[in-house]
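Read the figures in this text as sums done on the coordinates, not as results from a lab. Please read these numbers as outputs of a predicted model, since none were measured by experiment. When we count neighbours, we look across all protein chains shown, and the Cβ atoms used for this are built from the backbone with ideal geometry, even at glycine.
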Amino acid sequence: MHRFDELDMKLLFELTKDGSISVPNLSKKLNINASVLYSRIKRLMKKKLIKKFTIVIDDTLLGFGVKASVGINRDPKLKESIHKQLMEIPDVASISEVTGRFDIMIRVFAENLEALHTVVIEKIGKIDGIQGTETFVELQKTEKDPVYLIK
């Protein structure tokens, strides 16, 4: 396991809050020389702790008014086929194999409840090997800073 010091953790914390912050501004904020920060970021990327820099999109502005998690039970013999078919559904944002009462949890973005119903019943429910689903509609979401970065 790699060792990461306090500066690494502060740097990661700030970058998770705003990945677009310039290194000079980050340097001022952390009171650390910019060249040190450049080399730290490069090192964290080389060690694959930082996988990529990305953006967060307001999905509602793109017309996704409903977000839901769907728990799925499946035939284990058809695991790969089911995964492949779920990946082909544009409304499916992510797929996670889980422990507990479901085999898979997927994240679905839909325009409205009717569209969510269509995705769950007509697209997901008709995949061969899907034995049952349970849908959890997101009512509200509060983002939190990653706890592991705060000391």
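For residue 126, which lysines qualify as cross-link partners when the Cα separation must be under 17 Å and same-chain residues fewer than eight apart are set aside?
Those lysines meeting the cut-off are 77, 79, 84.
Could you run the Karplus curve 6.51 cos²θ - 1.76 cosθ + 1.60 with θ = phi - 60° over the range 107-114 and give me ³J(HN,Hα) per residue in whole Hz, x for Gly and Pro?
10, 10, 10, 9, 5, 7, 5, 5
Quick one: dipole size for the chain, taken about the Cα centre, charges +1 on Lys/Arg Cβ and -1 on Asp/Glu Cβ, in debye to the nearest 20.
Values: 25 positive and 21 negative charges, 229 e Å.
So the dipole magnitude of the chain works out to roughly 1100 debye.
Among 30, 72, 61, pick out the residue whose Cα is farthest towards the positive end of the charge dipole of the chain, where Lys and Arg carry +1 and Asp and Glu carry -1 on C-beta, about the Cα centre.
With unit charges placed on the Cβ atoms, the residue in question is 30.
So how tilted is helix 6-17 from the main axis of the chain? Cα-based, degrees 0 to 90, rounded to 10.
50 degrees
Please give the residues of the range 90-128, grouped as numeric ranges, whose backbone N is less than 12 Å from a label point set 7 Å along the Cα-to-Cβ vector of residue 62.
90-94, 109-111, by backbone N distance to the label point.
5 Å is the cut-off here: which amide hydrogens, built 1.01 Å from N in the peptide plane, fall below it relative to residue 104, excluding neighbours closer than 5 in sequence?
The list, which skips near neighbours in sequence, is 72, 98.
Please compute the length gained on full extension between residue 22 and residue 126, using 0.36 nm multiplied by the number of residues separating them and subtracting their Cα-Cα distance.
Details: separation 104, 0.36 × 104 = 37.44 nm, distance 4.78 nm.
Stretched out fully, the residue 22 to residue 126 stretch lengthens by 32.7 nm.
Taking the chain as the reference, fit the longest principal axis to its C-alpha atoms, fit the long axis of helix 34-46 to the helix C-alpha atoms, and give the angle between the two in degrees, 0 to 90, nearest 10.
40 degrees
Mark the label point 7 Å from the Cα of residue 145 along Cα→Cβ and return the residues of the range 29-71 whose backbone N is within less than 17 Å of it.
Under cut-off, by backbone N: 29-32.
Can you work out the Karplus-derived ³J(HN,Hα) for every residue in the range 71-87? Use 6.51 cos²θ - 1.76 cosθ + 1.60 with θ = phi - 60°, whole Hz, and x for glycine or proline.
x, 10, 9, 9, 6, x, 5, 10, 3, 5, 5, 5, 4, 4, 5, 5, 4
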